[in-house]
Structures are given as C-alpha cells and as structure tokens.
Amino acid sequence: MAIIKPFECVRPEASVADRVAALPYDVYNRKEACEEVKREPLSFLKIDRAETQFDDSVDTYAPEVYAKAKELLETAIADGTYITDSDKAYYIYALTMDGRTQTGIVACASIDDYQNNVIKKHENTRADKEIDRITHVDTLSAPTGPIFLAYRANEVIRECVAKTKATSSLYDFTSPDGIRHQVWKMGDAELVAKVAEAFAGIEAVYIADGHHRAASAVKVGLKRREANPEYTGDEEFNFFLSVLFPDEELMILPYNRVVKDLNGYTEESFMEAVKEKFDVEESANAVQPAKKSEVGMYLGGKWYKLTAHSELLSDDPVDGLDVAVLQNNVLAPMLGIEDPKTDKRIDFVGGIRGLGELERRCKEDCVLAFSMYATSIGELFDVADAGLSMLPKSTWFEPKLRSGIFIHKI
C-alpha cells in the first residue's frame, strides 16, 4: 500500500513560472550552471546551485553556499516570486515532447514506504553523492527537486487526472528546449480522496529517476525524527516531493556507450573477437537498434549491426538487459572495462543526443561507440521487484522534470 498524500505547495507566481522552471541541478557542471543563471536570473537553478552566486574561489560545497540558497528561497517567497497555497492538494504535471505527452501527479511520498520497499529502487546510491543534497534539503527545509516515480496504470487515477485536466491550467509554457509544461491543481476533495485511496491499493511504486535525491530526502526525514522523538508520523519531514507517472505513458531512451581505446586490439582483431559472440552486418547508415539483442557499433568510421548469439541471452532481470549483454560479453572480457562506473576509458551518451554525437566523439576522443536498444519500463519494474540493481547508465528518461515549479516545505 503506497501512501501518496496531497500537500501545501509553494509554487511560482504564474507570470514567472516559465522563467523560474529549471532543469535538475545535476545536469550542469559549475560553469554551465553559472552561464544558465546569467542567461535567466530568475531560474531556480540559482537556488539549487547557489555556488553560481560566488566566484570560483568559493568551494561548491562551502557552508555559505547552502546559506545563500536558503536566503534566495526566502527572498523569492517574500517578494512574491513564489506563492504558497494554503490548502492541501495534488497537482497534475504534463510534459509534451515531440508530440508525446506524459502526465504525472505531484504529491508527497512516504519515507516509511521508501524504507519498507513499497517504493522500489533499481540503482545503488553513493553516500558521497548524497551529502550535498542532504545539506541542501536540510538547510532549506525543502526537498526542492521532485523524485520521478512510476506506477502501474490505474483506471481510477486515470479518470481523476482527466477530470482535472479538463479545468483551467495554472501554467502552460514551453521551455527553451521545446518541452511544453502544463500544470493543473487537483483541489477537489472528492478527487483527492479517490486518488489517495487508489494509491493505497497499489502494492508498489518505483523510482524511475532520482535515486540520490530520494535517498537524501529520506535521510533528512530520519535525521529530523531523531531530533523530534515525539514525532507522530504526520509531520511534513516524513514525506518527500514526487511526481508519479503511469507506466503506459513513459518512454525510456537508450543510454549509449563510447570507449577510448581497444585495449590492445587492432580494429581487425577486435572485429574478429566480436564475431565470436555476435552476428555482424555492416550498415551504410547509422544503426539505431530496432529490437532487443541488437546493438549498433561504430568502429573505424563505419557502422555495424550486431545481433547477440542466443547463448548470450538470459532470463535474469539484470543479465537479460541489453546493456548487461554488452558489458558481460564485450566491455569486460574484451576491453577490460570491469567497472563501468569508475573506469575512465568509457563514457556514456544519453540517447537524446542522437547517433551523430557518437560519431563526433569517435572523431574527438574515442575510437569505438555502441548504440543501445532502450531498456523498457517493464524491465525496470522486473529488476526492482527482484530487489536487484541495474548496471550504471541503463536508462535515460526524457523529458526531464523541472525543478522550482513545486516546492514542499518540511
């Protein structure tokens, strides 16, 4: 049973919502973040990445950076950039990219559900990556970036969302990257009750994207429980901001690979080794795999379609993923890339960047590229249900949820 509750939302005033909305904090390096905040001074990124307010002599994780983030948020609330809704509601958030729309419910999920695995994960988190967001959330008393959750589609929820989308929207704008963002408020008490009841009947929801942000928000909640031993469980710190999408509307893009050397192979000897595991077919065009067990390979200025031999395939939820087939049969045994998370000889390219980016990288700093068939949402569910973890960089979700449109104060 999933506890998905409405909340009092802090959100931008309608006339500036398009300017405030920002991509997640971790898609930028420091230089890029500074450039984006310079381009759009109202961007929520200046709060998410407050080091943009200092010169390079100030460390990204210095205490004054987090203090500045808190100051900026309080100022934005005080000057009317942000308003606070006084009633507890759900919000409907629709993102449209290339004519395809996915619609989620903005709500708060339970840290107990996270602890008890009602909220299921498919990725391990690293403590060093959590420290920054733990400090940020704790200082601001607000987990400002929503966690991307997925659930198996439900007819009651679908109907309630449709009724809300038939009302007037709070926001409707297109961001600079061409994504349309629409937001409605589900304040009707009857609809809110129906949605909460429907989620209570769902056995599990799944983290699609944002494992580190989720872990950080949960750890802040647990820290506050320790500081408040008389807590009831109803306090806002027991919950974290999420957007929940039905599985039927989600699309995962491939996460492609580029490699910097052939580990001592010549192009010819590497090709011969690959042919022992895959059927290889040269292609006059860039190869975007059309089905499972197919991989595109770019080597020596040419594209090839690789089809895995049947003995390489597995019914195991993790080993059966195409990224695992490539890792277990090419990257590790042939190229010596045992840990793709830490090996500097491999890099990852989100599918949104296209196959041309793989060709460009092979002209710039790499010699080999692989285009992947995308992991499905069903495969993600299967891995999480089995209590397993995917390989690093197995999924790339688009479009990205914007930060700063919804804030949950704890």
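Do the alpha carbons of any pairs in Lys88/Lys121; Lys219/Lys409; Lys277/Lys305; Lys5/Lys194 sit beyond 21 Å of each other, and which pairs? Checking Cα-Cα distances, Lys88/Lys121 exceed 21 Å.
Amide H contacts for Tyr82 (H built 1.01 Å from N in the peptide plane; partners 5 or more residues away or on another chain; cut-off under 5 Å): Glu13, Ile77. For the range 270-310, the alpha-carbon coordinates run over 26, 24, 10 Å along the three principal axes, in decreasing order.
Spatial offset of the range 77-109 relative to the range 302-326 amounts to 39 Å, using the alpha carbon center of each.
Dimensions of the range 186-253 along the principal axes, based on C-alpha atoms and rounded to the nearest Å, stand at 41, 36, 22, largest first. Each peptide among 385-394, 43-52, 340-349 gets the average number of other Cβ atoms lying within 10 Å of its residues, and from highest to lowest they stand as 43-52, 385-394, 340-349. Rounded, prolate or oblate: pick one for the range 154-226, where a ≥ b ≥ c are the square roots of the eigenvalues of its C-alpha gyration tensor, a/c under 1.5 means rounded, and failing that, prolate if a/b is larger than b/c, else oblate. Verdict is oblate for the range 154-226. At q = 0.09, 0.11 Å⁻¹ the log10 of I(q)/I(0) for the chain amounts to -0.60, -0.87, computed by Debye summation with a single uniform scatterer per C-alpha, solvent ignored.
Computed from Cα atoms alone, the Kirkwood hydrodynamic radius reported for the range 255-373 is 14.2 Å. Within the straight-line cut-off of under 16 Å between alpha carbons, the aspartates and glutamates reachable from Lys120 are Asp112, Glu203, Asp209, Asp247, Glu379, Asp382, Asp385, sequence neighbours fewer than 8 places apart in one chain being disregarded. At a Cα cut-off below 15 Å, give the aspartates and glutamates reachable from Lys344, other chains included and same-chain residues fewer than 8 away excluded. Of all the aspartates and glutamates, those that pass the test against Lys344 - Cα under 15 Å, at least 8 places apart if same chain - are Asp261, Asp365.
With Cα atoms defining each centre, the range 330-359 and the range 222-281 are spaced 14 Å apart in the structure. Set against the 2.2 N^0.38 Å expectation for a compact globular protein, the range 95-201 has a Cα radius of gyration ratio of 1.27. Counting beta carbons within 10 Å around each of Asp247, Asp18, Asp56 and listing the fewest first gives the order Asp56, Asp247, Asp18.
No lab work stands behind these numbers, since they all come straight from the coordinates. Everything numeric here is computed off the predicted structure, so don't read it as measured data. Positions of Cβ are generated from backbone atoms using ideal geometry, with glycine treated the same way; all protein chains shown enter the neighbour counts.
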